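Student: Quick one: the structure is below, and I'll ask about it shortly.
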Amino acid sequence: MNREFDDLLHELKQSLKIAENDYDLNNIRSQFLGKKSRISKMMKQIGSIEPAKRPLFGKKINEIKQQIDSLIVSRADEIEQHQYEETLAKEQVDLTMPGVQPPVGSLHPLTLMRRELEDIFISLGFDVVEGYDIEDEYHNFDALNTPENHPARNEMDTFYIKASNTRPKQSNNRLLLRSQTSTMQVRTMENNQPPIKMVSIGRCYRNDKPDKSHSPFFHQMEGLTVDEGINFLDLRDILIKFARLMFGESIQWRFRPHYFPFTEPSAEFDIRCFKCYGEGCSICKQSGWIEIGGAGMVDTNVFDIVGIDSEKYTGYAFGLGIDRITMLKYRIPDIRLLFENDLRFLEQFR
Amino acid sequence: MKFSVKWLRDYINIDLSVEELSDALTFSGIEVENVEISPLAKELESVVIARVVECKPHPRKDSLYICMVDEGTEVRQVVCGAPNTRIGIKTAYIPSGKHLCDLHVKKAEIKGVLSDGMLCSEQELGLSNDHKGIIELPGDTCVGGKIVDYFELDDVTFDVEITPNRPDLLAIRGIARDISANLNIDTNFKEVKELDFYPDLTPSEHLVENLADRLCPRYLGTVINNVVIKESPLWLKKRLQAIGVKPVNNVVDISNFVMMEYGHPLHAFDIDKLSGRKIIVRKAHKGEKIEALDHRTYSLSDQELVIADSEKPVAIAGIIGGVDSSITESTTSILLETANFDYASIRKTSKKFKIFTDSSYRFERNLSSDTVPFIASKAIEMIIDLCQGKPISYQDSYPSREILSDVGLRISRTNQLLATNLTKEEIIAYLERLQLKVIDSTDERIKFSIPHFRKDLTREIDLIEEVIRLYGYNRVGQDSKVVTKSLTDKKRFKITRQITDFLFYNGFSEAINSSFTDKNSTETLKITEEDYRNSFIDIENPIGVDSSVMRTSLLPGLLKNVMLNISNGREDIKMFEIGKIYYDCHDKPEEKVFLTGVIVGNNNPKHWQINVHNSDIFSVKGIVQSLLDCLNKRVTYIATENSSYLQKGQEIKIISGEKIIGEIGKLDPLIAKKFDLQQPLYLFDINVDLILELYREKDLVYTEVVRYPEVERDISFIVSKKISHSNLLDTIKSVDTDYIKEVRLIDQFKGKNIPEDCRSLTYRLKLSSSAGTLTDNDIQQLMNNIFAKLSAEYTINKR
């Protein structure tokens, strides 16, 4: 009997040795444990064994069955481990090779700056308003307290729209390309009563000869707040908040008295040069300061023109040169680079 | 917190509709969660008053009577077993077919005699425990009337949410007080008598021993003898039932009633079961046990405050009473506990043992010790009245009086914060409605004393909040003309960013070009004279001839950019610009935002794993399709041949409704040559302003996911090249709109074995049904139908 079992186990071990996969193992399992297996046949003989020996015989058979099973299972584990290792070996690749990248283009640096400005001012509670490029003298000058023959009109060389045959020259209110986004102050106050808190970003035009720092078209952001009790401190506060959000918490800045026809008191504001920190360098033209924009309290004349009670309401306005801030931020030395659309330039902005 | 309208009207004379009362509560800061007819009224809805007009004994059973009952509209026969059944009695009748609580009254034969409906006892009606006979109503009662009306059960119950800072509103009197302040209507509280009104009630020194006055700032115990425990009268039960409190007996009902009225819990002990006939307020001893009224036994530590007699705890203070000392039918003397406990201690213990009772709920919200004598008097009054009790002695342990600090308010501060223009007198009037009293005032400052039940009012801002609450949150700013509106064009803002981002993430670089151009720019593109792109706006003082007009298209600028980059050695270019174009429209300058994009060279860069794919018209169409899909723009793409600068047969117009919103195409090779452009250039040109005009905010609504498996089937056929894909697609989709979830063109084949003027197309269909798994039969049927429909409309050959 034991001999028979030993033979059986020996045979099993031989078969398992050459087994390679699940299919082979399944065959072995049915061969050694299936209905037609020798062990099953032996089991059927139990009736012919004398009753006293039967329990022992049954026990022995079960032991052998378990032994067979565990041998098959452990061989299965071996095969699985082997297959796993094969897979790992097969899938060894050079992981430094490039991945499959979806194509990415680039956003124009002015778009990046525009978004940053919009997000900053939206977070400070401003609405974002759209304007027109083609304006008239009234909105660009008269309503901004810059009447005809005002000296400020000559300073900006304004592009005028040519009168056509059917559109005769309206000498009193000619069409022009706006020279400043301040037109949006007027348009917003014409159409809305305070409280007003808005910024407007757009293109402006001045008849400047193109060079490193001039382009006949450029971009500005206008800001305007009108409400009861708005004061000079509110203006300083909003601009310093902006400067900190844009250039970092530690930025130094200053207000300088200045003149604009449509604000009084008027100011220009500067930030500390971020390259030389005040030592003087080419970026700040040795001054240690960089001008960021103009600002001031809305002139009461402007309120009177647009029909807002200048006794009840006060307001502040400010304007920022977006191209200029973009150039400062990304250290772009020449404004013309912005509009050449050379991909070697554009693709640096992602 | 529940209250009923009838109960509320005991304290305030209001005649408001449910909606009006709900509004008054809402704007008082009391959120209404639910309003319902009182449960009892709902149950007795069908019960009417009837008169027995005939009554004779049942022939087959002695104890039964056969009655003819007049219920107002009809006379019905009812078999009834009540001993007091007799001619002329007015009683309650429920018709058959109706429900009374869980009982469905049916027309039935009782010992061979038909009984249509049922006469009811007080117990059956849930009015009392009396089941000796049918209910007897006075002779002048109106037959046919509703029992609900007769007993005034038609109450309405409000379930309201009280914010945690306002324990004073966990009382029906408190709610009345707040509504009174809100609507400026007086309350009609009946003032309770002082304790010394009762001549036999004398102060005692041996009743209450308070050993923990930090945790129990006040304990007033009153002994009442001669108490008769019985059922409460109907009015009391009605009040409690209306707010979902089950009546138990007169003493328990009274303590519940007083708690609901004043919002301050009280408890009654059977004094005969108190060892030493006294109360000791103390911390529990470690290991002490108490079986509470919830029949659970709690093991106490030295952290909990208990009410004890001379031997053992008889209640967990402020939370739950013990079983041993509770009121039973045999109780004759009670000790009434009216007390106040430290809220933090109550909260800790209640959380520790997970016992949450009406009592703990209130005490843990920091009640006022000064409510104690009021609830004691009210309860004594009711016990005398309803239990024949005789109050004999009391002891009030109140070692340190609770004092609320006065609170000042500045008029200018109030108006500044609330944006109001209230005068001093108006502010005082509002706060006096809440029973605050002016102690002292100047033109700018008013100092108020705070009523004991408003411990939440401790700072100026608390008073300002009360002012605005009574003035009305929604009245603020109503008389101001200023309406703050956003000036931002959110749609434009969002879509502009979406478009630029989309193109950026799909490999396009953004260009920004000058607004100026020269007139030749459109000439090169052979754009006709009439085209708006030739209605230039001229600059009077241009900077040069090449910038003498405003651009009417973004394309010339981009073409220039392409040439620059090609000359720089670039082969694969994808660029776009989003910006304004300007033209003269009937002598008025127009500004429109356009989006123009160009593709030159390969659609994707060379990669070790992926084949290079040359850009073609479908590369650019695909970009536009995805972009417009993202913008939820449903458009159609039609082949056209009317653009002067696009190659014939390579031109698509994008149509939405009646409007052309843009075009897609290949730059005509002859024109490309003029630019020295050797490579094919594909472009799109889209009117963003038109997209914005036609844009609708995405209306995203979930549609149920089909849970049954989806099946894929392909259909291939040979068809004339003249038949367009979009026609074929429409035909396939039209066969069945339920099952066909998606149709995709997956293959086109021309050439070998296919006739010269034909092509072979393969579509892959995704099929599923929300009704169940599709069977092979369903699918086969559907595919047959598709093929039949295609064959009917076109000449096709199945492959």
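The values are calculated or read from the model by the stated rules, or taken from the named source; none is laboratory data. It should be emphasised that the depicted structure is a prediction, and the values quoted were computed from it without experimental measurement. Glycine also receives a Cβ, built like all others from the backbone with ideal geometry; neighbour counts cover every protein chain displayed. These area figures cover heavy atoms from the full protein model, side chains too; ligands, DNA and RNA do not enter into them. Shrake-Rupley method; radii C 1.70, N 1.55, O 1.52, S 1.80 Å.
Student: Suppose we keep just the DSSP beta bridges with both residues in the protein assembly as shown; what percent of those would be antiparallel, to 5?
Tutor: 95
Student: I would also like to ask the following. Measure out, as a whole number of angstrom, how far apart the alpha-carbon centroids of the stretch B:121-159 and the stretch B:665-706 sit.
Tutor: First find each Cα centre; the distance between them is then 78 Å.
Student: Also, I was wondering about something else. Percentage of Cα-Cα pair distances in chain B greater than 51 Å, rounded to whole percent? Let's see the in-between values first.
Tutor: Details: 169635 of 318801 pairs.
Counting pairs separated by more than 51 Å, the tail of P(r) holds 53 percent.
Student: How big is the dipole moment of the stretch B:711-798 about its Cα centre under a simple scheme where the beta carbon of each Lys and Arg is +1, that of each Asp and Glu is -1, and everything else is neutral? Debye, nearest 20, please.
Tutor: 340
Student: Right, here's the next one. Report the Cα centroid-to-centroid distance between the stretch B:407-465 and the stretch B:76-114 in angstrom, as an integer.
Tutor: 63
Student: Another question, if that's okay. Give me the one-decimal nm value for the distance between modelled label points at B:SER17 and A:ARG256, 7 Å along each residue's Cα-to-Cβ direction.
Tutor: So the two model labels end up 7.0 nm from each other.
Student: Follow-up. Ranked highest first by the average count of other Cβ atoms within 10 Å around their residues, in what order do B:404-414, B:547-557 fall?
Tutor: Sorting B:404-414, B:547-557 by mean packing, highest first, produces B:547-557, B:404-414.
Student: Another question about this same structure. Could you compute the FRET efficiency for B:GLN77 and B:GLU161, with r as their C-beta to C-beta distance and R0 at 60 Å, rounded to 0.05?
Tutor: So the FRET efficiency works out to roughly 0.75.
Student: Something else now. Partner chain Cβ atoms within 10 Å, averaged over the residues of A:127-134 - can you pull that number for me?
Tutor: That works out to 6 on average.
Student: Just which residues of the stretch B:520-537 lose 10 Å² or more accessible area with every protein chain there, against their chain alone, with the probe set to 1.4 Å?
Tutor: Residues passing the criterion (a loss of at least 10 Å², heavy atoms only) are B:ILE537.
Student: Let me ask you something else. Let's see if you can work this out: charge +1 on each Lys and Arg Cβ, -1 on each Asp and Glu Cβ, no other charges. What is the dipole magnitude of chain A about its Cα centre, in debye to the nearest 20? List each step's numbers first, then the result.
Tutor: Numbers: 45 positive and 53 negative charges, 388 e Å.
Roughly 1860 debye, rounded to the nearest 20.
Student: How many percent of all Cα-Cα pairs in the stretch A:2-90 sit more than 21 Å apart?
Tutor: For the stretch A:2-90, the fraction of Cα-Cα distances above 21 Å is 39 percent.
Student: I've got another one for you. Among bridges DSSP assigns within chain B, what percent are antiparallel (round to 5)?
Tutor: So the antiparallel bridges in chain B amount to around 95 percent.
Student: Using only alpha carbon positions, build the gyration tensor of the stretch B:41-150, then give the equivalent ellipsoid semi-axes as the square roots of 5 times its eigenvalues, largest first, whole angstrom.
Tutor: Value: 20, 15, 14 Å, ordered largest first.
Student: Turning to a different aspect of this structure: Summarise the accessible area of the protein assembly as shown (1.4 Å probe, protein heavy atoms) by the percent that is carbon and sulfur.
Tutor: 49
Student: Now, a different point. To the nearest 0.05, what FRET efficiency results for A:GLU311 and B:GLU425 with a Förster distance of 30 Å applied to their C-beta separation?
Tutor: After rounding to 0.05, the efficiency reads 0.55.
Student: Note the full-extension length gain between B:HIS725 and B:LYS42 as 0.36 nm times their separation in residues minus their Cα-Cα distance, in nm to one decimal.
Tutor: Working: separation 683, 0.36 × 683 = 245.88 nm, distance 6.64 nm.
Gain on extension, B:HIS725 to B:LYS42, equals 239.2 nm.
Student: Right, here's the next one. Calculate how large, on average over all directions, the projected area of the Cα convex hull of the stretch B:70-111 is; give the answer in nm² to one decimal.
Tutor: 3.8
Student: Could you tell me the total accessible area buried at the A-B interface, probe 1.4 Å, in square angstrom to the nearest hundred?
Tutor: The contact between B and A buries close to 4700 Å².
Student: Let me check I have the definition right: for the stretch B:406-484, take the eigenvalues of the Cα gyration tensor, multiply each by 5, take square roots. What are those semi-axes in whole Å, largest first?
Tutor: Working: eigenvalues 106, 35, 20 Å².
Gyration-tensor ellipsoid for the stretch B:406-484: 23, 13, 10 Å.
Student: Further question: When the chain is fully extended, how far beyond the present Cα-Cα distance does B:ASP385 get from B:ASP440, taking 0.36 nm per residue of separation?
Tutor: 15.5 nm
Student: Expected output is a single nm value to one decimal: the length gained when fully extending between B:ARG744 and B:ILE655, i.e. 0.36 nm times separation in residues minus the C-alpha distance. What is it?
Tutor: Here the answer is 29.9 nm.
Student: Return the distance in nm (one decimal) between the two label points of a simple spin-label model at B:ASP462 and B:SER734, each offset 7 Å from Cα along Cα→Cβ.
Tutor: Inter-label distance under the simple model: 7.6 nm.
Student: For chain A, would you read off the P(r) tail past 31 Å as a percentage of all alpha carbon pairs? The partial results should precede the final answer.
Tutor: Numbers: 34273 of 61075 pairs.
For chain A, the share of Cα pairs beyond 31 Å comes to 56 percent.
Student: Which one of B:THR731, B:VAL252, B:ASN687 is farthest out on the positive end of the charge dipole of the protein assembly as shown, using unit charges on Cβ (Lys, Arg +1; Asp, Glu -1) and the Cα centre as origin?
Tutor: The residue sitting most towards the positive pole is B:THR731.
Student: Moving on to the next point. How much accessible area does B:GLU425 have with a 1.4 Å probe, in Å² rounded to the nearest 10?
Tutor: 130
Student: What does the accessible area per residue of the stretch B:439-587 come to in Å², with a 1.4 Å probe and no ligands, DNA or RNA counted?
Tutor: 48
Student: How large are Rg and Dmax for the stretch B:711-798 when calculated on the C-alpha trace, in angstrom?
Tutor: Computed over the Cα atoms of the stretch B:711-798, radius of gyration and Dmax are 13.3, 44 Å.
Student: Please give the calculated 222 nm ellipticity per residue for the protein assembly as shown, where each DSSP H segment of at least 4 residues contributes -39500 (n - 2.57) and the sum is spread over every residue; nearest 500 deg cm²/dmol?
Tutor: -9000 deg cm²/dmol
Student: At 7 Å along Cα-to-Cβ for each site, give me the label-to-label distance between B:TRP235 and B:LYS289 in nm.
Tutor: Here the modelled spin labels are 4.6 nm apart.
Student: Still on this structure, please answer the following. Please work out the Cα center distance from the stretch B:730-745 to the stretch B:524-589, rounded to the nearest Å.
Tutor: 43
Student: Restricting to the stretch A:109-346, compute how many DSSP beta bridges are antiparallel as a %, nearest 5.
Tutor: Of the beta bridges lying entirely in the stretch A:109-346, close to 95 percent run antiparallel.
Student: How about the stretch B:227-279: which chymotrypsin sites (Phe, Trp or Tyr not before Pro) there lie in a loop by DSSP and see at most 11 other Cβ atoms within 10 Å?
Tutor: Passing sites in the stretch B:227-279 do not exist.
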